[in-house]
1. Just round it to a whole percent: the fraction of Cα-Cα distances in the range 198-265 exceeding 19 Å.
2. Using the alpha carbons of the range 82-143, what is the convex hull volume per residue in cubic angstrom, as a whole number?
3. In which sequence would PHE226, PHE240, PHE23 go, from the one with the fewest C-beta neighbours within 10 Å to the one with the most?
4. State, in angstrom, two size descriptors of the range 313-357 derived from its alpha carbons: Rg to one decimal place and Dmax to the nearest whole number.
5. If each residue's Cβ is checked for other Cβ atoms within 10 Å, how do ASP316, ASP259 rank with the fewest at the top?
6. In what order do LEU221, LEU298, LEU247 fall by count of nearby beta-carbon atoms within 10 Å, going from fewest to most?
7. Once you have the alpha carbon radius of gyration of the range 240-292, what is it after dividing by 2.2 N^0.38 Å, with N set to its residue count?
8. What is the sum of charges, Lys and Arg at +1 and Asp and Glu at -1, for the other residues whose Cβ falls under 15 Å from the Cβ of PRO340?
Amino acid sequence: MASEVLKKGGEVTSEVWGETRGFDFEGMRFGVKAWRASASNAREGGALSAPIVLVHGFAQQASTWDKVALSLSCAGVECFAFELAGHGKSAHPTVGDVPGRKAFDLVFQAQALLAFCEAVAHVAGRLPVLVGYSMGGRVALQAARLVADDLRDGGELSRISLRSSAAFAPCDRARRLDVAGACQRDVTANAARMSAAVPFSALVLESAGLGPADAASRGALRERNFAWAARVRGEGVSAFTDWWAGLPLFESQRNLPVDQRERLRAGRLANDTELLALSFERAGAHAMSSQGESIRTLCELAAKGIPVSYLAGELDVKYCKVASTLQAESQGAVSCRVAPAAGHNIHLEQPEVFASILKEVVESCTPKPVAP
């Protein structure tokens, strides 16, 4: 459970909490925030709910999930927010050398995310539901692609994380807990899937792109992302943030309460200019698999019994079209839903609706209690 994974060595006094820690992968520390499930709302019969791993969007951090995670934890579901390279409490690698820049690569971050999901599964005793929003959805989709490629080749996902440096630990690196040596609960219900190298029980993509449609589209996306990187370097985070918030994609967020908009802006301003630029250059949509390959990946996971869902807000015209395309191309294998009265960021604009949808997904992935 979250308290076992992330505790400081003493007793956890509150039933529901959010605490930031770190996860090490091949020399890079990724920030993690966890919310403990409320014991008073544990599932009837003692069955463990599938935990949830949440991945934020560009220029955000783990706190963007606070409302949703609190709602879920109060309902007995543990949540772990994974922070991408250069965001939140994740380490700021030296960006002038190759190893430092590698941390921002889409594939590297996807590998780290898979390692984290596996670590959560080993400690929590249930495979997590993987949820990615926007850029986080891009990383989650790349992770799914790595899994699908591995399954297609008939192999098992490399477990290098559990054989080497991966661990949960406080951000000051004190009192590290080695996940590989942690005591595990009964994972019988998940044994088949874990042996099949899929370290998550379901995949939920929120307002995420599916990749370039063709080579021309990839080139255009690359040109756009590198232009954005140049803009943030040239203008600085403050001016860039104001421009970014003014994009039509985020128009619906202008209706949020003033205090919520101010917190959102403060979170964006907390980022580093160069690290945001590297995120555009090395993990932008141009670095994704093609749209056709992404759809194939999602269909293959669904065929393996891994539920796949795609969510878009009804006010987000661009990603409603993505959902429509995915629904048609997957022939219904992927569950595509449109959230009412929400734009690009559903979990921010309609947190109760989003939490309700995730509860349904968790329920579908949680074994029913065995009758006495």
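1. Working: 1305 of 2278 pairs.
The share of Cα pairs beyond 19 Å in the range 198-265 comes to 57 percent.
2. 85 Å³
3. Lowest to highest Cβ neighbour count: PHE226, PHE240, PHE23.
4. 10.8, 30
5. On the way: ASP316 25, ASP259 8.
Neighbour counts put them in this order, fewest first: ASP259, ASP316.
6. By the 10 Å Cβ count, ascending, the order reads LEU247, LEU221, LEU298.
7. 1.39
8. Details: positive: ARG337; negative: GLU206, GLU314, ASP316, GLU349, GLU352.
Result for the neighbourhood of PRO340: -4.
Every read-out reported here was derived from the displayed coordinates using simple, explicitly stated rules and does not represent laboratory data. Keep in mind that what you see is a predicted model, and the values were worked out from it rather than measured. Glycine gets a Cβ as well: all are built from the backbone with ideal geometry, and neighbour counts include every protein chain shown.
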